[in-house]
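The values are calculated or read from the model by the stated rules, or taken from the named source; none is laboratory data. Given the structure is predicted, the values throughout are model-derived calculations rather than measurements. Because the Cβ atoms are built from the backbone with ideal geometry, glycine has one as well, and the counts that use them run over all protein chains shown.
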Amino acid sequence: MLDATHLRTLHAVARSGSFASAAKALSLTPSAVSQQMATLERACGTGLFEREARGTRLTHAGERLLVHAESVLAQLSDAERELAAIAGGRGGLLRFGSFPTATAAFGAAAMQLFRSRYPSIATQYADGEPYESLRRLAARELDLALVFELESWPIGSAYDGSLVGLDDECEYVRLFDDPFFLVTSRGHRLAGTGVVRLEELAGEPMLGGPPWEPELRRLCEAAGFEPRFDASCETPDFWSLQALVSAGLGLTVIPALALTSLRADVAVQRLEPAPVRHVSVAIPRHAYRSPAVAAMLDIVRSTSVDLPSRLSGFVDAAAGEDAVPVGR
């Protein structure tokens with residue numbers, strides 16, 4: 001009754017929000033998309049779409065069908081890839097995802113190493129936040145991805161706090177912990193102290209942003225004080241936070257992976273206790289795991305095995321009076 005092509009078109013319409021946008025994404029005409037969706041509605045015996053002034057919205061029936069369509073399309077993708085690997089014995093495609101600070105620290109190097117070792121395998125790289133990679137993994141748009149989580153922030157949470165992906169849709173291979181460090185201006189009273197106790201931040205203006213701010217709040221409250229976050233200066237970008245600190249607008253924390261790119265006019269101190277990101281490789285649960293995926297997993301492990309100790313060197317360099325920008 002249901003055609004896989006029509007389900008794929010339904011998925012495109014749901015993601016793009018209109019027949020015209022879906023047609024462009026699928027290299028079809030809007031008329032062809034409209035005809036396919038009309039056929040699908042007849043097959044289902046109910047309406048799947050509501051037309052609005054700015055596009056198309058799924059009905060309840062359409063939303064339920066979309067859930068099943070995504071599952072079917074993911075399984076078909078797995079079947080195609082497994083059969084291609086069996087038939088060809090080599091070649092194929094590897095789709096790898098990461099998040100920005102991991103890309104800068106070791107993800108890009110891992111991709112380059114994979115390409116040099118396996119030139120016959122095509123590769124695609126997608127950089128994004130963990131929740132975006134989780135969504136792409138569930139849709140089989142990625143084969144594996146570097147992700148992170150915090151105690152107070154699951155992988156599938158978007159930066160507006162909404163849950164956009166389920167952590168249990170993937171299996172995780174833990175790589176290392178990525179602790180946060182305190183960043184101050186060069187002239188601040190805490191600069192150059194080496195190690196700062198969390199309770200020393202009481203009363204200090206703090207600059208934050210998702211997803212680590214809730215975890216720092218939790219740790220501060222456990223230490224007996226309420227942190228003073230400036231709600232007028234929020235950003236998830238660590239380079240922007242360094243600029244705000246340099247301008248004297250407050251203090252912030254950044255993870256070790258972000259220490260590969262530091263401003264010369266800020267100082268970095270160890271913070272105890274500090275928020276910690278748990279970095280892992282995510283792989284879709286129950287998906288076919290090709291030899292290319294296994295090879296990439298080995299490369300990611302090898303390129304990150306001594307990363308925490310190497311990042312400690314950036315902290316030591318940044319703590320010195322003559323520290324210079326690292327990794328620009």
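Structure values in brief
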{"read-out": "Residue check for T193: part of a loop (DSSP other than H, G, I, E, B) and in the same structural domain as D265 (by TED's automatic domain parsing)", "value": "yes"}
{"read-out": "Criterion violated by D316 - all others in (1) at pLDDT below 90; (2) buried (at least 19 other Cβ atoms within 10 Å of the Cβ) satisfied", "value": "(2)"}
{"read-out": "Qualifying positions in segment 159-178 - in contact with a strand residue (DSSP E or B) (Cβ under 8 Å, 6 or more places away or on another chain) and not in a strand (DSSP E or B)", "value": "V164, D167, E169"}
{"read-out": "Test result for R15, among the basic types (K, R) and surrounded by 14 or more Cβ atoms within 10 Å (Cβ to Cβ)", "value": "no"}
{"read-out": "Unique residue being in contact with a Gly (Cβ under 6 Å, 6 or more places away or on another chain) and touching a residue at least 12 places away in the same chain (Cβ under 8 Å) when the list is G17, G92, G97", "value": "G17"}
{"read-out": "Some residue of segment 107-120 being part of a loop (DSSP other than H, G, I, E, B) and in contact (Cβ under 8 Å) with a residue 60 or more places away in the chain", "value": "yes"}
{"read-out": "Single condition A294 does not satisfy, out of (1) touching a Phe, Trp or Tyr at 6+ places or on another chain (Cβ under 9 Å); (2) assigned to a helix (DSSP H, G or I)", "value": "(1)"}
{"read-out": "From V183, V164, residue being in contact with a helix residue (DSSP H, G or I) (Cβ under 9 Å, 6 or more places away or on another chain), outside the structural domain of I254 (by TED's automatic domain parsing) and β-branched (V, I, T)", "value": "V164"}
{"read-out": "Conditions (1) under 24 Å from L66 (Cα atoms); (2) surrounded by fewer than 23 Cβ atoms within 10 Å (Cβ to Cβ); (3) among the hydrophobic types (A, V, I, L, M, F, W, C); number of the one not met by C170", "value": "(2)"}
{"read-out": "Hey, G194 out of contact with any Cys (no Cβ under 8 Å at 6 or more places or on another chain), within 30 Å of L144 (Cβ to Cβ) and modelled with pLDDT under 90 or not", "value": "no"}
{"read-out": "Counted residues, segment 240-276 - those being closer than 23 Å to P214 by Cα and acidic (D, E)", "value": "1"}
